[in-house]
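This report refers to the structure that appears directly beneath it.
The values are calculated or read from the model by the stated rules, or taken from the named source; none is laboratory data. Just so you know, these numbers come straight off a predicted model, no measurement behind them. Neighbour counts run over all protein chains shown; Cβ positions are idealised from the backbone, glycine included. These accessible areas exclude ligands, DNA and RNA; they are computed on the full protein's heavy atoms, side chains included. Shrake-Rupley method; radii C 1.70, N 1.55, O 1.52, S 1.80 Å.
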Amino acid sequence: MLDQLLKIENLTVQVEEKEILHNIHLDIRKGETHVLMGPNGAGKSTLGYTLMGNPRYEATGGKIMFCGKDITKESADKRAKEGMFLSFQNPLEVAGISLSSFIKNAVEQRKGSRIRMWDFKKELKKAMELLNMDESYALRDLNIGFSGGEKKKAEILQLLMLNPKLAILDETDSGLDVDAVRTVSKGIETYQKEKDGALLIITHSTRILESLKVDYAHILVNGRIIKTGDASLIEEINENGFEAFLKEQQ
């Protein structure tokens, strides 16, 4: 729990020559759950994409340390192999490759070795049952014809199978009904408790947080983290919204 996993120092990020994030500092230790909240357009997703190494997001200052290594310039595939995972706000659809094949290939890339099909299918079935996913989805092309809820479940399925050191969840509850949020939250809670992984949950809602133990909450406004606190900060936002924090920046 005391081992440092991610350290962001003075990170500045631009997209298409426009600076979006300004001097971001953030420390995440093993097993911790951090929540990043803020109004729309604050730069929350930009931070997630930057951490994962999306080339569209250019770090023009500062650095990103992961497991004691400077990964600021590393590619997304290398970051994934080292144990970083990002669930997308709008999961991509990929024709020609099944959900099962996609996950198996990702797990083998993560581990650096082949895995027995029997063992893989056993673990996949267990994870799909946890998420109330019909087994037929494993054979379907990745996210093709999936509902919004099934796409988000497929993302959490990947999380459970890959077992990353750090999971960045970007608006995972966006567009989900109450039952789907409850199911997805159960999957995240399983990762949190059984895998002992660290979480950075990016959201502007708090529904998905109700069953999770949160260690730290951060408020991002206009590309800057303006406040950090414990889980009580989430309740403060629920009661008062972001208006008070926005006024502080004016």
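Against the definition (open to solvent by 10 Å² or more (accessible area, probe 1.4 Å), within 16 Å of the chain's Cα centre (by Cα) and on the phi < 0 side of the Ramachandran plot), how does residue 227 come out, yes or no? When the stated conditions are applied, residue 227 does not pass them. Somewhere in region 199-219, is a residue polar (S, T, N, Q) and either modelled with pLDDT of 90 or more or part of a helix (DSSP H, G or I) (or both)? No: zero hits. You will find that of 22, 34, the residue that is open to solvent by less than 10 Å² (accessible area, probe 1.4 Å) and either modelled with pLDDT of 95 or more or outside any strand (DSSP E or B) (or both) is 34 and no other.
Pairing each residue of region 191-208 that is within 15 Å of residue 157 (Cα to Cα) with any residue that is in a helix (DSSP H, G or I) and open to solvent by 10 Å² or more (accessible area, probe 1.4 Å), provided the two are 6+ apart or on different chains, yields C-beta distances under 8 Å for 191/160; 195/160. Is it fair to say residue 51 is part of a strand (DSSP E or B) and open to solvent by less than 80 Å² (accessible area, probe 1.4 Å)? Spelling it out, it is not the case that residue 51 is part of a strand (DSSP E or B) and open to solvent by less than 80 Å² (accessible area, probe 1.4 Å).
Out of curiosity, is residue 162 modelled with pLDDT of 90 or more, surrounded by 20 or more Cβ atoms within 10 Å (Cβ to Cβ), closer than 27 Å to residue 216 by Cβ and over 12 Å from the mean Cα position of the chain (by Cα)? When the stated conditions are applied, residue 162 passes them.
Only one residue in 215, 179 is in contact with a strand residue (DSSP E or B) (Cβ under 9 Å, 6 or more places away or on another chain) and open to solvent by 10 Å² or more (accessible area, probe 1.4 Å). Which one?
On inspection, the qualifying residue turns out to be 215.
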